[in-house]
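The next block holds one structure in the form of structure tokens; read it before the comments.
The values are calculated or read from the model by the stated rules, or taken from the named source; none is laboratory data. Since this is a predicted model, take the numbers as computed values, not measurements. Heads up, the Cβs are rebuilt from the backbone with ideal geometry, glycines too, and the neighbour counts pull from every protein chain shown. SASA here: full protein model, heavy atoms, side chains in, ligands and nucleic acids out. Shrake-Rupley method; radii C 1.70, N 1.55, O 1.52, S 1.80 Å.
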Amino acid sequence: MSKKIGILTGGGDCPGLNAVIRAVVRKSIRLDYQVIGLLQGWRGLMDYGLTEELNLDKVSGIIHRGGTILKTSRTNPFKEKDGVKRILEKKKSLGLSAVIAVGGEDTLSVASRLYQEEGMEVVGVPKTIDNDIWGTDYTFGFDTAINIAMEAIDRVHTTAESHNRVIVVEVMGRHTGWIAIEAGIAGGADFILIPEKPVDLDKVCDAICKRHARGRTFSVVVVAEGAKIAAQEDDKVEEVMVVQDEKLDAFGHVRLGGIGKVLATEIEKRTGYETRFVILGYIQRGGTPTAFDRMLGSRFGVAAVDLVNRGEFGKMVSLQGNEIVTVDLQEVLSKTKRIDDDLYAMAEVFFG
Ligand code: F6P
């Protein structure tokens, strides 16, 4: 064996992770590399007893499965006692010449710091249903999530119509509204609220009332969990976000969720239309990946091993246009890929 590489999946799971793991193992075998699975995200490289050798057998029959066979966690070694020291020691004792970290902004930020501060040989693979990682047009998991959300929006349409109701559908999206915008437009939503564009509730209610005034008897509103509602306080405009739990996780995030309920209550109060809500939550992250996500995950996995083979570390594989390219992790993490004004203006064409 010429090289031994480790692979881990960190942060929230998403469909397509197993396609990446399978591709990494397949490509590695061709290069005569050995692959060690590091279980539960960065914890697998920090604590002993959390590794598993990956071979053809272990990755057979997994491409269609959601979740991750390596398990995941939101572990931040920079916040753990001797976390970084333990990582470096374990990497050495396992004889790993590189680590492929598959994750979102948090997991990749750890990878980037380990590379910058400790010179560790790491390669990043961008993953998140939120699709908010800068430097790549798409992250795998997003396509599956928007299709699940779109189907849910389709389904609430018929029940909203039968009951003459407004139904608010809350989707995931912590910093950005990619799921809300794409599933919302595809599902024919009548208003979409996203973190990038705080809106006054009067604007939402006006759109619904205008729609009802022209004879429609129901409306469907899509809201991203991280959307902010603009509230006028004297002469100041405040932006209000709804959280489930103020407690911060290892990466300093609060637990979001619940804006759908707040919005539904306000819409009913202000318009007089009977309003219900549904929170899609983890349904968007679970289950079988779409062909697009399996394909993207497979391309990313192969490209990540190519990077290791070329000795190019501190980088992330990404999709730009239809090309797989590489970008510096540090640059990626200094920005967030947000919905721009043009896309939002296009979405607005369908409001009301
Ligand atoms: O990062 C993806 C994401 O789906 C966010 O949209 C959401 O806020 C978060 O994960 C919730 O994840 P968990 O509850 O697993 O920490």
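Quick look at the numbers
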item	result
Filtered residues of region 153-169 (kept if open to solvent by less than 10 Å² (accessible area, probe 1.4 Å) and within 17 Å of Glu274 (Cα to Cα))	Ala160, Val166, Val168, Val169
Residue count for region 282-313, restricted to those that are open to solvent by 10 Å² or more (accessible area, probe 1.4 Å) and assigned to a helix (DSSP H, G or I)	13
Qualifying residue in region 16-29 (condition: out of contact with any Cys (no Cβ under 6 Å at 6 or more places or on another chain) and assigned to a strand (DSSP E or B))	no
Boolean, Asp106 is in contact (Cβ under 8 Å) with a residue 60 or more places away in the chain and open to solvent by 10 Å² or more (accessible area, probe 1.4 Å)	yes
Ala101 being in the same structural domain as His253 (by TED's automatic domain parsing), in contact with a helix residue (DSSP H, G or I) (Cβ under 8 Å, 6 or more places away or on another chain) and open to solvent by less than 40 Å² (accessible area, probe 1.4 Å)	no
Residues of region 230-266 satisfying the condition of being aliphatic (A, V, I, L, M) and touching a helix residue (DSSP H, G or I) at 6+ places or on another chain (Cβ under 6 Å)	Val242, Ala250
Considering residues of region 32-48 that are outside any helix (DSSP H, G or I) and open to solvent by 50 Å² or more (accessible area, probe 1.4 Å) only, the residue farthest from Val302 (Cα to Cα)	Tyr48
Enumeration of residues in region 197-256 that are more than 16 Å from the ligand (Cβ to nearest atom), basic (Lys, Arg) and part of a strand (DSSP E or B)	Lys236
Subset tally (residues that are surrounded by fewer than 24 Cβ atoms within 10 Å (Cβ to Cβ) and on the phi < 0 side of the Ramachandran plot) for region 113-135	8
Selection within region 322-352 - assigned to a strand (DSSP E or B) and open to solvent by less than 80 Å² (accessible area, probe 1.4 Å)	Ile324, Val325, Thr326, Val327, Asp328, Thr336
Matching residues in region 136-146 - criterion: being hydroxyl-bearing (Ser, Thr, Tyr) and open to solvent by 10 Å² or more (accessible area, probe 1.4 Å)	Tyr138
Qualifying residue in region 166-173 (condition: more than 30 Å from Asp32 (Cα to Cα), over 12 Å from the mean Cα position of the chain (by Cα), within 14 Å of the ligand (Cβ to nearest atom) and not aromatic (Phe, Trp, Tyr))	yes
Number of the condition not met by Thr68 [criteria: (1) touching an Asp or Glu at 6+ places or on another chain (Cβ under 8 Å); (2) without any contact (Cβ under 8 Å) to a residue 12 or more places away in the chain]	(2)
Checklist (1) within 11 Å of the ligand (Cβ to nearest atom); (2) of a type in the set (D, E, K, R); (3) closer than 23 Å to Asn164 by Cβ applied to Glu266, failing item	(1)
Residues (touching a Pro at 6+ places or on another chain (Cβ under 9 Å) and open to solvent by less than 10 Å² (accessible area, probe 1.4 Å)) located in region 181-229	Ala224, Gly226, Ala227
Hey, Met120 under 18 Å from the mean Cα position of the chain (by Cα) and more than 16 Å from the ligand (Cβ to nearest atom) or not	no
Criterion (open to solvent by 60 Å² or more (accessible area, probe 1.4 Å), away from the ligand (no atom under 16 Å from the Cβ) and without any contact (Cβ under 8 Å) to a residue 12 or more places away in the chain) met by exactly one of Ser93, Ser2	Ser93
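This table checks each residue for (1) assigned by TED's automatic domain parsing to the domain that holds Ile192; (2) closer than 18 Å to Val169 by Cα; (3) in contact with a strand residue (DSSP E or B) (Cβ under 8 Å, 6 or more places away or on another chain).
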position: Cys205; (1), (2), (3): yes, yes, no
position: Ile208; (1), (2), (3): yes, yes, yes
position: His212; (1), (2), (3): yes, no, yes
position: Gly215; (1), (2), (3): yes, no, no
position: Phe251; (1), (2), (3): yes, no, no
position: Lys269; (1), (2), (3): yes, yes, no
position: Tyr273; (1), (2), (3): yes, yes, yes
